[in-house]
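Peer 1: Take this structure first; my questions come after.
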Amino acid sequence: MERKNKPNEPLVTHIFTADPSAHVFEGKLYIYPSHDLDHDGPSNDNGDQYAMEDYHVLSMDDIDGVCKDHGEVLHVKDVPWASKQLWAPDAAYKNDTYYLFFPARDKDGIFRIGVATSEQPAGPFKAEENYIDGSFSIDPAVLVDEDDKSYIYFGGLWGGQLEKWQKGNFDPNAEGPMPTEPALGPIVAELTPDMLSFKGKSREISILDEDGNPILAKDEDRRFFEGAWVHKYNGLYYLSYSTGTTHKIVYAVSESPTGPFTFKGTILPPVSGWTTHHSIVEFQNKWYLFYHDCSLSDGVNHKRSVKYAELNYNDDGTIQPIEPYKK
Ligand code: FUB
């Protein structure tokens, strides 16, 4: 019998999946996750345990229907510029084309962001020859705005190497800011109309507290770590992200897609496992959070599973926190 989706339960159990980027394409909900390898190697802060080699695409006709695995849609061996570690991807639709944006280490071991294209939302995807010029770090998320401009958000600390780029070029010895300095923000770039390049230089996004002061590096409950996602609700831009070391999904709001964003609160408390990574999507007139945890592997950090939960707003536009383990 086919397994039906249930909130807060793994969408698929035959493979390990993580970092779900959910989008509505052609009336269906498509999920673009990472595909975690089922290996027993050691873990470290560099993220070597996240040794993913390919991507699968998942889809569902209804939120409580059956989640279909469309199989492998791109393998690292078919990405000319990449050496290893296909981490959290995202997808976008424009120009009658589906674009898969993905990070991987290049041949020098430096994370870059590439694009692959397909005529169908479920792939297969064909990678461009080179990574996006000017791209670095991990966790791309793309917003195609109502005015048809597209923005790519990216960046992640530690294994994701964001702190190595503070001076504009890769410095393997660079550390993050001092605790009392502003935290590093995610990076944004407008994409060219063909979605294959940055239109200009990328720039860092500011995240401010309620008094308009930058969130500081020591503020680990609120500062950006990785996994940026931007969605629109009632004309405002919501930037949500993982705090990493404190394992939360939090959010900040702006009137502009490039910020500055004002911190608002927590969407998801820590779940089982070290990493937390999500997306937010409207589907059939309801809003959903897609996220992952390690419950299917009994807590093995690099064997994760994607899940969903309904997401609700208050009348003032704030997001109601989600309880991931509600019975
Ligand atoms: O899946 C590998 C990395 O773990 C992602 O890029 C991060 O966001 C974290 O989920």
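The values are calculated or read from the model by the stated rules, or taken from the named source; none is laboratory data. Just so you know, these numbers come straight off a predicted model, no measurement behind them. Neighbour counts run over all protein chains shown; Cβ positions are idealised from the backbone, glycine included. For the accessible areas, the whole protein counts, side chains as well, though only heavy atoms, and no ligand, DNA or RNA atoms are used. Shrake-Rupley method; radii C 1.70, N 1.55, O 1.52, S 1.80 Å.
Peer 1: What number of residues within the stretch 1-14 are in contact (Cβ under 8 Å) with a residue 40 or more places away in the chain and either among the acidic types (D, E) or loosely packed, with under 11 Cβ neighbours inside 10 Å (or both)?
Peer 2: 3
Peer 1: Given the criteria assigned to a loop (DSSP other than H, G, I, E, B), without any contact (Cβ under 8 Å) to a residue 40 or more places away in the chain and more than 20 Å from the chain's Cα centre (by Cα), does D219 qualify?
Peer 2: Criteria met by D219.
Peer 1: Would you tally the residues in the stretch 136-160 being farther than 16 Å from S83 by Cα and within 16 Å of the ligand (Cβ to nearest atom)?
Peer 2: Count: 11.
Peer 1: Exactly one condition in (1) more than 17 Å from the chain's Cα centre (by Cα); (2) over 21 Å from A51 (Cβ atoms) is not met by G299; state its number.
Peer 2: G299 satisfies all of (1) more than 17 Å from the chain's Cα centre (by Cα); (2) over 21 Å from A51 (Cβ atoms) except (2).
Peer 1: Okay, moving on. Name every residue in the stretch 49-86 that is closer than 16 Å to D106 by Cβ, within 13 Å of the ligand (Cβ to nearest atom) and open to solvent by less than 20 Å² (accessible area, probe 1.4 Å), in order of residue number.
Peer 2: M52, Q85, L86
Conditions tested, residue by residue: (1) more than 16 Å from the ligand (Cβ to nearest atom); (2) open to solvent by less than 10 Å² (accessible area, probe 1.4 Å); (3) closer than 16 Å to W274 by Cα; (4) in contact with a Lys or Arg (Cβ under 7 Å, 6 or more places away or on another chain).
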{"site": "F16", "(1), (2), (3), (4)": "no, no, yes, yes"}
{"site": "F25", "(1), (2), (3), (4)": "yes, no, no, no"}
{"site": "H35", "(1), (2), (3), (4)": "no, no, no, no"}
{"site": "G47", "(1), (2), (3), (4)": "no, yes, yes, no"}
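Peer 1: Consider D139 carefully, then state whether it is surrounded by fewer than 24 Cβ atoms within 10 Å (Cβ to Cβ), touching a strand residue (DSSP E or B) at 6+ places or on another chain (Cβ under 9 Å) and in a loop (DSSP other than H, G, I, E, B).
Peer 2: No.
Peer 1: Next question. Identify all residues within the stretch 94-121 that are farther than 22 Å from P172 by Cα, open to solvent by 20 Å² or more (accessible area, probe 1.4 Å) and part of a loop (DSSP other than H, G, I, E, B); write none if there are none.
Peer 2: N95, D96, E119, Q120
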